[in-house]
1. Quick one: with all protein chains in place, what share of the accessible area of chain B is carbon or sulfur, to the nearest percent (1.4 Å probe)?
2. What residues have an amide H closer than 5 Å to that of A:Tyr93, excluding those fewer than 5 places away on the same chain, when H is modeled at 1.01 Å from N in the peptide plane?
3. Return P(r) of region B:98-196 (all Cα-Cα pairs; 5 Å bins starting at 0; whole %; ordered from short to long distances).
4. Quick check on the protein assembly as shown: helices-only [θ] at 222 nm, where DSSP H runs of length 4 and up contribute -39,500 (n - 2.57) each and the sum goes over total residues. Nearest 500, please.
5. Given 25 °C and 0.890 mPa s, how large is the Stokes-Einstein diffusion coefficient of chain B in µm²/s, with Rh as the Kirkwood radius over Cα pairs?
6. Kindly express, to the nearest 10 degrees and within the range 0 to 90, the angle between helix B:425-435's C-alpha long axis and the longest C-alpha principal axis of chain B.
7. In vacuum, with every alpha carbon of region B:225-286 counted as one equal point scatterer, what does the Debye formula give for log10 I(q)/I(0) at q = 0.17, 0.18, 0.28 Å⁻¹? Two decimals, please.
8. Which of the listed residues, B:Leu413, B:Pro400, B:Leu435, is farthest toward the dipole's positive end in region B:396-444, when Lys, Arg count +1 and Asp, Glu count -1 at the beta-carbon?
Amino acid sequence: MSADGSGAAGHGPGAGVGARLAELLGDGCVASVSGGGDWARDTVDVPPGRWVAALTAARDELGCDFFDWLSAVDELPDGFRVVAHLWSVAGRYGVLVRTLLDPADSTVDSVVPVYPGAAWHERETYEMFGIGFAGHEDLRPLLLPDGFEGHPLRKDFILASRVAKPWPGAKEPGESHAGSAGAGKRAPMRPPGVPAPGEWGDA
Amino acid sequence: MSTTPNKDPYAATSRDTTEGKVYTVTGGDWDTIVGSDDPLHHEKLVINMGPQHPSTHGVLRLVLEMEGETVTDVRPVIGYLHTGIEKNMEYRTWTQGSTFVTRADYLSPIANETVYCLAVEKLLGIELPKRAELIRVIMLELNRIASHLVWFATTGMELGATTMMIIGFREREMVLEIFELVSGLRMNMAYVRPGGVAQDFTPEAVEAIREFLKVMPKRLKQYENLMNGQPILHERAKGVAYLDVSGALALGVTGPVLRSAGLPWDLRKTTPYLGYETYDFEVPTETTCDVFGRWMVRFHECWESLKIIEQALDRLEPGPVMVEDKKVAWPAQLAIGTDGMGNSLSHVAKIMGQSMEALIHHFKLVTEGFRVPAGQVYTAVESPRGEIGCHAVSDGGTRPYRVHVREPSFVNLQALPAISEGGLLADVVAGGASLDPVMGGVDR
């Protein structure tokens, strides 16, 4: 997952911005280039402890005045990878900053003091992945209803409501013609996101 | 695992009175705000607006705190339209992803599909055929006009101009009919697919677009005469919901809201895609930072979109609309068949008659999908509401490992407290409308 070296490095006006950021941050910060040919973005991987420092340096030293978005990728068992994308309006380049959180302690410092626009992104990432953002003043669920349990964008989250309430309509040939020839010969299709019986839930 | 069954978390309890049914509002911040206040010694009034309110553009809910006529605190409560699009996509093929993203921001489906397909294409490292690129540009700009028309219509209505409501939707209908003619569907078309577009333009579709280019300028002039000098619109919109460039950048606000503050940040110009750098068009800006500025920016953008469509139509030449790569494109041509959107029967019969291998390949490509090389990519295009982006991560499989959609509605809506606190309640409506939030996009 981490080996994205397919892009053409040194393309576009922001060429080398990742390397500059990694140099500013020093030890443990690695610059690379995302995939995507002429859309390749400079990418910087930083240790969780340097997360706020990395975004602050990007804002103050590299002129990334525009906070674009923040989200995460479930890369368990390695951990959760938090990703933020920043723009420089004047320089017309963007940079992806990433950090891999320890699965035992999925918490990173909040960047709301650096970019106020990160507030909702962090709340969304918090509820969808269960990642904590230390120092966020209002870290509550944003999109999910009150009382919702679990973190839906984690890979181990099972879409159990699909078992409780099947999707309406016929999903397989013969399903709508109960009793007709051929019905019931196939194993019933499992809803997407639901493992085989016996692999999850109480037996 | 999930919510407790049989309990609707959004349900409000109600009781019958002689005045009618009285609902008890809960959820969101309501209880903490109401509970924290001492009603005997404060003048504070807490108002619940939405989620079912005609001026909230769908199911946006606002909990407002008022001191007299002044709004002191605005808290948007969102999530009523959350459908788990990003999660669902992880269980579908890369091609099926188009069907999901199109449903996020339902007023600009083509922009959602395009940004997602660009991401997949960049990961695959494939180049689009020229005709597919032009068709995408035409559809994108038609979609921009349609989306702005809905905005003129709904915002006009909210500010008291009901005629605008009627005529805005009348013209938007013309665009939807073109969409239907082209793709078979009016909304949520999943028309843009990785590698190209689902179907080619028919001569009738090109004719309909030419006709639209003739009619629309007259209609835009009508709007200009009707609205742009309208004293009520000026009263309601000028100096309202102020947001300057530094505020917009700090909150990540893009699109017409950012351009109404004077910054000509339009991804079609700043980081061009689909050959936008070869078209002759302007990026309209205003310097008023208010609702009226946003009105004017969107109004002028419709003119610019018409210019782009005309240029793209002139460049159209016969050719493929899907990449030739047999590992990505379906071997059957997607001519409109009996089911409206499927393969034509005669073509499927031809494939089946020709070779078993072709049939097996087709079956595998449709059911399993194609593999996308491992890696991550971020693409962004200018939707009618601002920068829509797609961060796609592949693990080398036939399904997305993770797709994050950077939704302009979601990001822009975060600015609502900043632009409406300290103003009047009526200005919350005008300010909220000026952000043009589409809740399907906000909640995804």
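The values are calculated or read from the model by the stated rules, or taken from the named source; none is laboratory data. If you're wondering where the values come from, they're calculated on a predicted model, not measured in any experiment. Quick reminder, even Gly has a Cβ in these numbers, built from the backbone with ideal geometry, and neighbours come from all protein chains shown. Accessible surface areas use protein heavy atoms only, side chains included; no ligands, DNA or RNA. Shrake-Rupley method; radii C 1.70, N 1.55, O 1.52, S 1.80 Å.
1. 56
2. Those lying under 5 Å, H to H, from A:Tyr93 are A:Ser88.
3. Values per bin, smallest distances first: 3, 14, 21, 22, 16, 11, 7, 4, 2, 1, 0.
4. Values: 22 runs with 235 residues, N = 647.
Mean residue ellipticity, 222 nm, calculated: -11000 deg cm²/dmol.
5. 105
6. Helix B:425-435 sits at roughly 20 degrees to that axis.
7. Here log10 of I(q) over I(0) equals -0.73, -0.78, -1.11.
8. B:Pro400
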